[in-house]
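The values are calculated or read from the model by the stated rules, or taken from the named source; none is laboratory data. On a predicted model such as this, the values are computed, not experimentally measured, just so you know. Cβ placement follows ideal geometry from the backbone for every residue including glycine, while neighbour counts extend to all protein chains displayed. Quick note on the areas: whole protein, heavy atoms, side chains included, nothing else; ligands and nucleic acids left out. Shrake-Rupley method; radii C 1.70, N 1.55, O 1.52, S 1.80 Å.
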Amino acid sequence: MNKKPNILFILLDDYGWTDTGCYGSSFYETPRIDALALEGARFTDAYASCPVCSPTRASILTGKYPARLGLTQWIGGHSEGKLADVPYIDHLSTDEISLAKALKQGGYKTWHVGKWHLSKHNEERFDTYPDKHGFDVNIGGCHFGHPFNGYFSPYGIETLEDGPEGEYLTDRLTDEAIKLIKGSKNDDKPWFMYLSHYAVHTPIECHEELVEKYRKKARMLGLDKINPFVEGDYFPCEHKKDEKILRRTIQSNPIYAAMVENLDTNIGRVLDCLKVEGLENDTIVIFYSDNGGLATAEGSPTTNKPLCEGKGWMYEGGTREPLIIRWPGHIAPNTMIETPVTSTDFYPTLLEAAGLPLMPEQHMDGVSILPLLEHSTQDGLDDRPIFWHYPHYSNQGCTPGCSVRKGHWKLIEFFEDEKLELYDIYNDVGETKDVSAEHPDIVQELKSLLDQWKIDVKARIPEPNPNYKPRS
């Protein structure tokens, strides 16, 4: 029997679709990630199940859509506008057989390193930390959604001992990941590492010498002379109703660029460790992000152009993610895959890759894409409907809604006014032209699919807010 593959799942936070060189960035420098793409498969149409973090993270670990789980908002989030907020589950239930639990039952060592954010912030939060979801080791995972004390030590993260003053969090988490990999060298058991970086979530901070490199680059390219922002309408949510949306139009933030390069360097360090330890050919490497780049609020440090909008939005910029998967001997180098996939697909895919039985009652919203990876074919997957449900006001400017993509068509329903928008994603990736009036038959077909899906997953729909007061 062949040894089961190790699995290195690298998950970034708020990292946008075009934040990498191989996905189109000309300002950020990501040579190690670009090289990884040449060694495996790069997906053009990979999606997160939600435009914010906690729901997508839950979908990866359960194989279920956030709406089915009832975990539809980032944990701790609350917002209202014309519509009242929808209640949501504020932790990942231990009743779920997580991906880590399933792999552990299949003989894997399981390690969680980095951000968790699937637990509530109260005295019971330890009951839903990673160690209660099948992870043997938890380094840095807690209820934090971002490093509240910043990226430089002391971090104040209860599950990560502070390093020397000034140590950088992304560097430290990489050090911890490398220690685990090296420590497993003489162990026959395969391992699953969920390397979940806090970067590039706010606060936007990095080493000053690296920031200065990009200040110089911005000056050399003349980007420092260009105003990168366009001011939009007022936010529709109550708690930000006196602020205006600020959209970034070009990638030019030196601090964010430094964070991206630092991440790239640290990913390279882990990949180098695999090679030195002789594990490169025995390890599946996945590179992915939990939602779109932050493009319209909180400093708007990046842009996802040509995609529309970013984190917190129902448009492509909020949910389309960079996805690279490398598995030597199984995935041909420099493979490009345009078939749409989503975050619920990881669970069954990794079980099948590990030679473990599928658990369809658990990962009921995911499909194994292993045949697609190994043979570049899978019947029916191109035309499979993919769904989203985010019934909340985002901190980034979007109103509550849901959507479906089937083939090259994408329908978005906004709950405030029941407006429907239809886009031909193949020919209009930027969602610049709503073609719902030209294709009423497609609208009707997709709306019926979406309505039935909402019933099937028991999706909660927001009600009018009786306390709403419009801006005067």
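Here are the numbers for this structure:
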read-out: Over 20 Å between alpha carbons, listed pairs Lys244/Lys311; Lys101/Lys185; Lys132/Lys182; Lys109/Lys185; Lys240/Lys305; value: Lys101/Lys185; Lys132/Lys182; Lys240/Lys305
read-out: By accessible area with a 1.4 Å probe, ligands and nucleic acids excluded, highest first: order of Lys101, Lys419; value: Lys419, Lys101
read-out: Dipole magnitude (debye, nearest 20) for the chain, charges at Cβ of Lys, Arg, Asp, Glu; value: 320 debye
read-out: Residue-normalised accessible area of region 387-444, given per residue in Å² at a 1.4 Å probe; value: 37 Å²
read-out: Contact order relative to length of region 142-268, as percent, for alpha carbon pairs under 8 angstrom and 6 or more apart; value: 24 percent
read-out: Environment charge at Asp187 (Cβ cut-off 15 Å; Lys +1, Arg +1, Asp -1, Glu -1); value: +4
read-out: Separation in nanometres of the label points that stand 7 Å from Cα toward Cβ, at Lys182 and Lys469; value: 6.0 nm
read-out: Region 183-231: trypsin sites (Lys or Arg not before Pro) in DSSP coil with no more than 13 other Cβ atoms inside 10 Å; value: Lys185
read-out: Radius 13 Å from Cβ of Arg32, net charge of other residues (Lys, Arg +1; Asp, Glu -1); value: -3
read-out: Within the accessible area of region 328-446 (1.4 Å probe), percent carbon and sulfur; value: 51 percent
read-out: Hz values of 3J(HN,Hα) by residue in region 189-195 - Karplus curve (6.51, -1.76, 1.60), Gly and Pro given as x; value: 6, x, 10, 10, 10, 9, 8
read-out: Other-chain or far-sequence residues with amide H under 5 Å of Trp191's (modelled H); value: Asn6, Ile7, Lys109
read-out: Surface/4 estimate of mean projected area, convex hull on alpha-carbon atoms of the chain, nm²; value: 22.4 nm²
read-out: Distant-in-sequence amide H partners of Ile337 (H built 1.01 Å from N, under 5 Å); value: Arg42, Phe43, Thr44
read-out: Local net charge near Asp441, Cβ-Cβ under 15 Å (Lys/Arg +1, Asp/Glu -1); value: -1
read-out: Against the rule of thumb 2.2 N^0.38 Å, how large the Cα Rg of region 359-447 comes out; value: 1.27
read-out: Rounded if a/c under 1.5, otherwise prolate or oblate - region 45-157, Cα gyration tensor axes; value: oblate
read-out: Convex hull volume per residue in cubic angstrom - Cα atoms of region 103-221; value: 132 Å³
read-out: Å² per residue, accessible surface of region 1-158 at 1.4 Å; value: 31 Å²
read-out: For region 238-253, Karplus couplings with θ = phi - 60° (6.51, -1.76, 1.60), whole Hz, Gly/Pro x; value: 4, 6, 10, 5, 9, 10, 9, 5, 10, 8, 7, 10, 9, 7, 8, 6
read-out: Residue list for region 311-327, given a label point 7 angstrom along the Cα-to-Cβ vector of Glu243 and an amide N cut-off under 18 Å; value: 311-314
read-out: For Ala84, residues with placed amide H under 5 Å, excluding near neighbours; value: Glu463, Asn465
read-out: Share of carbon and sulfur in the accessible heavy-atom surface of region 1-156 [1.4 Å probe, %]; value: 51 percent
